[in-house]
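A.B. asks: Here it is: the structure, laid out below.
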C-alpha cells in the first residue's frame, strides 16, 4: 500500500461513524443517482456479481441489492467495512484496495464507483481504471461518478477529525479520455448541478463505460478479408 492509499484508509477510519450519520441515507434525496443506479441494475441484473468500489458504509451496495443485483462492497477502510456489515446484514463486504483488487480477472459483470476515484492523483487514474477493466467481464458495465472541475482540495480536518486527504476534481472530457486510454468504450456522460442542502455544492458527472467484447479470431479474419 502506497502512502496516499494509507492516508485515505486512516482518514476514512477516523470519520467512518460520522460519515454514516451524515451520508448513509443520502440516496433518498438524490433522484438522478437512484435513476442511474436503476438503469445500471436493469442492464446487469441476472448476469452475475457486481462490485461497489469505495463502498463506504454500503448504502449504494444496499440499493443495488434491493434491485436484485448480487453486489459486493469493497472499501479500503476497515472501519467502513465493519459498519457496512453491521448496517447491511446479508450483504457481502470486504476490505480492499481498488488499485489492486484481490479478485480474479473477469470476475464481475459490473462496477459502480461513486466518488471513489477522486482520491487518486491524476497519474494513477488510468492504471486504476485498467484494474477495473481487468476484473470486468467482456461487455461488463462501469458506472463512475466524480466531482467536476480542475482543482485538488487538500483536507486535513473533516468533521472535527484529523485527516490527510486530497480530493481530485476532473473535467468530463478529461475522464472520458482516461477511460478510453484504459480500454473502455464510453456509452454516456451525464452532468448535474448539486442538490441544495443535501451534499457538497459541486457539479457532478456520471459516466457509463463498457469493457468491449473480445473480438474472435473469425471476426478479425473476416474483417481483414473484407478490407483487403
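The values are calculated or read from the model by the stated rules, or taken from the named source; none is laboratory data. Because the structure is predicted, anything quoted here is derived from the model rather than measured. Cβ coordinates were reconstructed from backbone atoms using ideal geometry, including for glycine residues, and neighbour counts include every protein chain displayed.
A.B. asks: Within the range 149-169, restricting attention to residues that are in a strand (DSSP E or B), closer than 15 Å to residue 125 by Cα and touching a residue at least 40 places away in the same chain (Cβ under 8 Å), which residue is farthest from the chain's Cα centre (by Cα)?
C.D. replies: Taking the candidates together, the pick is 166.
A.B. asks: Quick one: which of 94, 67 is modelled with pLDDT of 95 or more, surrounded by fewer than 21 Cβ atoms within 10 Å (Cβ to Cβ) and within 16 Å of the chain's Cα centre (by Cα)?
C.D. replies: Exactly one residue qualifies, and that residue is 94.
A.B. asks: Report yes if residue 32 is farther than 23 Å from residue 170 by Cβ and outside any strand (DSSP E or B), otherwise no. Reasoning before the result, please.
C.D. replies: Details: farther than 23 Å from residue 170 by Cβ: no; outside any strand (DSSP E or B): yes.
Criteria not met by residue 32.
A.B. asks: Further question: When only residues in the range 93-123 that are without any contact (Cβ under 8 Å) to a residue 40 or more places away in the chain, part of a loop (DSSP other than H, G, I, E, B) and out of contact with any helix residue (DSSP H, G or I) (no Cβ under 8 Å at 6 or more places or on another chain) count, which is nearest to residue 191 (Cα to Cα)?
C.D. replies: Looking at the filtered set, the residue picked out is 96.
A.B. asks: Among the residues of the range 70-92, which ones are over 16 Å from residue 15 (Cα atoms), in contact with a strand residue (DSSP E or B) (Cβ under 9 Å, 6 or more places away or on another chain) and part of a helix (DSSP H, G or I)?
C.D. replies: Selection gives 85 alone.
A.B. asks: Additional query: So if I check each of 79, 34, which one is farther than 17 Å from residue 132 by Cβ, at pLDDT 95 or above, surrounded by fewer than 16 Cβ atoms within 10 Å (Cβ to Cβ) and touching a helix residue (DSSP H, G or I) at 6+ places or on another chain (Cβ under 7 Å)? Show your work before the answer.
C.D. replies: Working: 79 fails: surrounded by fewer than 16 Cβ atoms within 10 Å (Cβ to Cβ).
After applying the criteria, what remains is 34.
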